[in-house]
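Beneath this line is the structure, given in C-alpha cells, with notes to follow.
The values are calculated or read from the model by the stated rules, or taken from the named source; none is laboratory data. Remember, it's a predicted structure, so these values are computed and weren't measured experimentally. Here the Cβ positions follow ideal geometry from the backbone for every residue, glycine too, while neighbour counts run over all protein chains shown. Ligands, DNA and RNA are excluded from the accessible area calculation, which covers all protein heavy atoms including side chains. Shrake-Rupley method; radii C 1.70, N 1.55, O 1.52, S 1.80 Å.
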Amino acid sequence: FFQARTKMKLAVLLVIFVSAVAADRVRSPLAIPTVTVDLDAPAVKRWEAILVSLVQTHGWDYSFKPALDYVNKLLPPSILKLAENLSAAVIPDLPSEMIDELRGIEQAVTKLGHEGEAPLPMLVLLNILYEMSTACTSIVAMDGQNRIWHSRNLDWGFSNYSLQNLTVLANFQQDGKTVYQGVTWGGYVGLLTGMRVGRFSISIDQRTTPDIFAILQALRRIIDHKAVPVSFLLRQTLEADIVYSTAVQKLANTEVTSSVYLIIGGTTTNEGAVITHDEKPVAKDVWSIPHGPQPWYVIETNYDHDTQPPQHDDRRDLAIHALNALGQARVSEQTLFTVMTTPAANNSRGVLNDDTQYTAIMSSGLGLFDAWTWR
C-alpha cells in the first residue's frame, strides 16, 4: 500500500508542476508539514509547540508577524481599536475551548519573546478576519463508481505575503487516533478546510467582498444574535459524531458571522452540496448533487450559483469546462489536480492563480487527504 501510495503522489506532483507552469506565473508545490493537535491535552497547551516550532523554523518576521501586520494594515487605527474592543466583548459568547486555545497561543507568543504583540482580542479578531478575506474554488464531484471527491484552492492575496510558513495539515486526535483533519495556519484555531474519515469533508468560500466595517458587523452579530464564526462552526461540525445529512442541516441552520459558502462532500451517491449563507439565521440556499446539465458535481467560487461571475474572474466557467472535458468516469485525485491548476483563459484569472495559498484534495470515503502550498 505504501509503495502504491508513494507512486501515486509522485504522479500527482508531476501533474501539478506541468499544469502550474501555465498559470499566472510559474509556481511549484510544496509539501505541507503535518502536526498533531491533541484534543486530550488542556486546550491552552494544544497549539503551543506547533506555533513555537513554526516561528523557530522560519523566524518571527517570516511567520506570525506578517499576519499581525496584515490586520494593522487593513484596518485604520480607529476601526482597529473599536474592533479589538468588540473582540474582547465577544469572548464570553465564543466556544470556551477555542478561546482557551487562543489563550495558549497568546502565551506561546510571550514565550517566544513577543509579549503584548498578540493579545487575546487581537487573536480573536484575526481568527474572524481570515474567513472574511479569502477567495476560493471548491468542487465536490462524484466519480464513475459514485465515490465522492472534494477539491479546493484557497486564494488570498494577503498583501503579497505567502502563508506558506504558517500552513500545517493538522490531525486532531483523541486517545491517539485521528478524529478529523484540516489545513490551517499557526495561530488560527478554526478551520476553512477539513475532513472526517467515513463521514464528510467541508470547505469554506467567501461570498462577498466585505469593506472594513464588515468585521465590526460580524462581531456585533456574535453579541446580538449569538452567531458563530464560520471557521469555528466547521470545526465543531467535524468534531460532532454525525452523518452527512445531519451535518448539512447543522451547517444550514446555524447563524454564522459572515456571508459565505459552505461546501460539503459525503461518501456516497449524490452526497455533495453548496450551502449559501447571508446574514440571516438560516441558509439562503442549499444546492445539491444532482442538478441541471452537470448532475455529478457542484462547483463554487465566490459567486451565487444562479448568477454570472464577472468575466475577469470566471474561474467557475474554467472549472466547468475542465470537468466536462474530463468526464465523470475519469475523476480521481490526479485528474482533479489538473482541474484545480487550470490556467488563466478568456480574460479570466485561472483556477490556480497568483493568490492561491494552498490546494487540497479530499475523499472522506477513501480516507484520503492531500494538500500542498504554492511557491
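A few points about this structure:
- Of all residues in the stretch 117-132, those satisfying the criterion of being buried (at least 18 other Cβ atoms within 10 Å of the Cβ) and not in a helix (DSSP H, G or I) are A118, M132.
- For L262, the criteria (1) out of contact with any Ser or Thr (no Cβ under 7 Å at 6 or more places or on another chain); (2) open to solvent by 60 Å² or more (accessible area, probe 1.4 Å) hold in every case but one, which is (2).
- Pick from the stretch 283-303, criterion closer than 19 Å to K250 by Cβ, among the aliphatic types (A, V, I, L, M) and in a strand (DSSP E or B), ranking: most open to solvent (accessible area, probe 1.4 Å): V286
- Some residue of the stretch 109-116 being modelled with pLDDT of 95 or more, basic (K, R) and not in a loop (DSSP other than H, G, I, E, B): yes
- Count - residues of the stretch 304-318 that are out of contact with any strand residue (DSSP E or B) (no Cβ under 9 Å at 6 or more places or on another chain) and either surrounded by 15 or more Cβ atoms within 10 Å (Cβ to Cβ) or touching a residue at least 24 places away in the same chain (Cβ under 8 Å) (or both): 0
- Check on L233, farther than 27 Å from N353 by Cα, more than 18 Å from the chain's Cα centre (by Cα) and open to solvent by less than 10 Å² (accessible area, probe 1.4 Å): no
- Being surrounded by fewer than 23 Cβ atoms within 10 Å (Cβ to Cβ) and either farther than 28 Å from L126 by Cα or at pLDDT 95 or above (or both) is true of A345.
- All positions within the stretch 161-207 that are within 28 Å of L120 (Cβ to Cβ), open to solvent by 10 Å² or more (accessible area, probe 1.4 Å) and polar (S, T, N, Q): S162, Q164, N165, N171, Q173, Q174, Q181, Q206
- Qualifying residue in the stretch 330-347 (condition: in contact with a strand residue (DSSP E or B) (Cβ under 6 Å, 6 or more places away or on another chain) and either more than 29 Å from T267 (Cβ to Cβ) or part of a loop (DSSP other than H, G, I, E, B) (or both)): yes
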